[in-house]
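Just below is one structure, and these are the notes that go with it.
Just so it is clear, none of the values below were taken in a lab; they were calculated from the coordinates. All values derive from a computational prediction rather than experimental measurement. Please note: Cβ atoms are built from the backbone with ideal geometry, for glycine as well, and neighbour counts cover all protein chains shown.
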Amino acid sequence: MKSLDIHSNIHDYKVFFHENLDFIGKLVEQSNRIFVMDRNIYNLYARYFERIDLNDIFLLDATEENKTLKSVEQIYAFLATKDSKRNTTLVSIGGGITQDITGFATSTVYRGIRWIFIPTTFLSQADSCIGSKTSLNFENYKNIIGGFYPPHEIYVAPEFLNTLSEKDYYSGIGEVIKFALLKEEPRKNYSELIEKIDNLKQRKNILNTIHETMEIKSAYIKIDEFDTGKRNLFNYGHCFGHALENSSHYEVPHGIAVTIGMIYANIVSLGRGLVSRHIFDLLNNDLLLPSVFMKLEATCFDFDILLNSMKNDKKRVGANLTIIIPSSDNIEAIKVDDLSEGEFGRCLDLLLDTLGLKS
Ligand SMILES: NC(=O)c1ccc[n+]([C@@H]2O[C@H](COP(=O)([O-])OP(=O)(O)OC[C@H]3O[C@@H](n4cnc5c(N)ncnc54)[C@H](O)[C@@H]3O)[C@@H](O)[C@H]2O)c1
Ligand SMILES: [Zn+2]
């Protein structure tokens, strides 16, 4: 069994990789543990949870609308009824939504309790489970409340992905592509990456790919856990991607929005003469466009909502918009703060054209 040690300024932790779900039995036997689970996971994998007293399970409906302080308060109320207090271990099982809610709850109740996380989506296994971020939505604002608190242990089992929808699976592929493109190496071998992603689409080599993606991410976290500099570059694809999530009312899942956001960032970069037409076309045709997977509607791209979301980006510093773009054919992402509304609109037109959505 593989494992990976992650260094954190809050507490170091370990990721365990499992070929099957037998490890759940051991977690059930631990003392003073309670479970918070995505309701879908509980229903799909009920036989693994048969030995847990129903009073020790809190079920969550994993929707963006529920990723709020209200759900956190319900978990506080659930925890308050238990005899164990600061010595409680909370085991949460689900995707990024379950992670964000339980990460916030465990970091604040009794000033921090032990937290074991079992990610069940491709995105949460390959990306979000490490990195310490906890985020909640507030009113219509996504992820504006939160902090930093990593789980104490993480158990990754790709077997969960057998029941994941194709759309959510492709959402994970988007983040895997992003990290592979951000990986610092002298020259990118795009054909190797294209082959790796083709394999993933056939559900091959998932565990190794998750491991490799985490290694890339953990190298950045080591330098900038609290996202004050280098970690910003993870936002390649995210500036426009978050705007698209908003504009599509979350019809486009996070990782697919990131894939489209990378195409958008590359358009900005092409327009500025930073990336060559050859690499731009190669990335679009062989990697990014085939990974969008879902059928998109032009109505998902509402100019005003997109522009407003970009204006509300936490990273924005001045009058213009902020975006992470490739600085060369080797990607080498950089943050630029001078995207004007005019350039934003021209690049949006080109994006719609690239996606075949131009009327
Ligand atoms: N904290 C971070 O660092 C971080 C990073 C990236 C994204 N996020 C957040 O993660 C959220 C998205 O998370 P996500 O994409 O992992 O998924 P999710 O938690 O939104 O779940 C997506 C859907 O899949 C279902 N599901 C989960 N696992 C399943 C399985 N194994 N089989 C069948 N169905 C399953 C869920 O019930 C839900 O309906 C967003 O809110 C995003 O903001 C957080
Ligand atoms: Zn992301």
In nm, to one decimal, how far is the modelled label at Phe16 from the one at Thr163, with both set 7 Å along Cα→Cβ? 2.1 nm
Could you tell me the distance between the Cα centroids of the range 211-255 and the range 282-336, to the nearest Å? 12 Å
Hey, if you put +1 on the Cβ of every Lys and Arg and -1 on every Asp and Glu Cβ in the chain, which of Leu244, Cys347, Thr163 ends up farthest toward the positive end of that dipole? Thr163
Sort 2-14, 100-112 by packing, meaning the average of other beta carbons within 10 Å per residue, with the highest value first. 100-112, 2-14
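Full extension from Arg272 to Glu215: what is 0.36 nm times the residue separation minus their Cα-Cα distance, to one decimal in nm?
On the way: separation 57, 0.36 × 57 = 20.52 nm, distance 3.15 nm.
Answer, rounded to one decimal: 17.4 nm.
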By DSSP, what percent of the beta bridges with both residues in the chain are antiparallel, rounded to the nearest 5? 40 percent
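What whole-number value in cubic angstrom gives the convex hull volume per residue for the C-alpha atoms of the range 125-198? Each step should come with its number before you reach the end.
Details: hull volume 11.3 nm³, N = 74.
So the per-residue Cα hull volume is 153 Å³.
Using the scaling law 2.2 N^0.38 Å as the reference, what is the normalised Cα Rg of the chain? Each step should come with its number before you reach the end.
On the way: Rg = 20.3 Å, N = 359, 2.2 N^0.38 = 20.6 Å.
Against the compact-globule rule of thumb, the ratio is 0.99.
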According to a simple spin-label model (label point 7 Å from Cα along Cα-to-Cβ), what is the distance in nm between Arg346 and Lys222? 4.2 nm
Going by Cα centres, the range 130-168 and the range 28-99 are how many Å apart? 14 Å
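Can you tell me the alpha carbon radius of gyration of the range 1-48 divided by the globular rule-of-thumb value 2.2 N^0.38 Å?
Values: Rg = 13.5 Å, N = 48, 2.2 N^0.38 = 9.6 Å.
For the range 1-48, the normalised Cα radius of gyration comes out at 1.41.
Does the range 117-247 classify as rounded, prolate or oblate by the C-alpha gyration tensor (a ≥ b ≥ c root eigenvalues; a/c under 1.5 gives rounded; else a/b over b/c gives prolate, otherwise oblate)? Mind dumping the intermediate values first?
Numbers: a/c = 1.40, a/b = 1.22, b/c = 1.14.
Taking the square roots of the gyration eigenvalues as a ≥ b ≥ c, the range 117-247 is rounded.
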Distance (nanometres) between label positions extended 7 Å along Cα→Cβ at Tyr110 and Thr63: 3.2 nm
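Can you tell me the order of 178-185, 79-86, 230-237 when each peptide is scored by its average per-residue count of other Cβ atoms within 10 angstrom, highest first? Mind showing how you got there, number by number?
Values: 178-185: 18.1, 79-86: 11.8, 230-237: 20.8.
Those peptides, ordered most packed to least, come out 230-237, 178-185, 79-86.
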For the range 247-359, compute Rg over Rh where Rg is the Cα radius of gyration and Rh is the Kirkwood radius from the inverse mean 1/r over Cα pairs. 0.93
Run lengths n ≥ 4 of DSSP H only: what is the helix-derived mean residue ellipticity at 222 nm for the chain, with -39500 (n - 2.57) per run over all residues, to the nearest 500? -12500 deg cm²/dmol
Over the chain, what is the mean sequence separation of C-alpha contacts under 8 Å (at least six apart), divided by residue count, expressed as relative contact order in percent? 14 percent
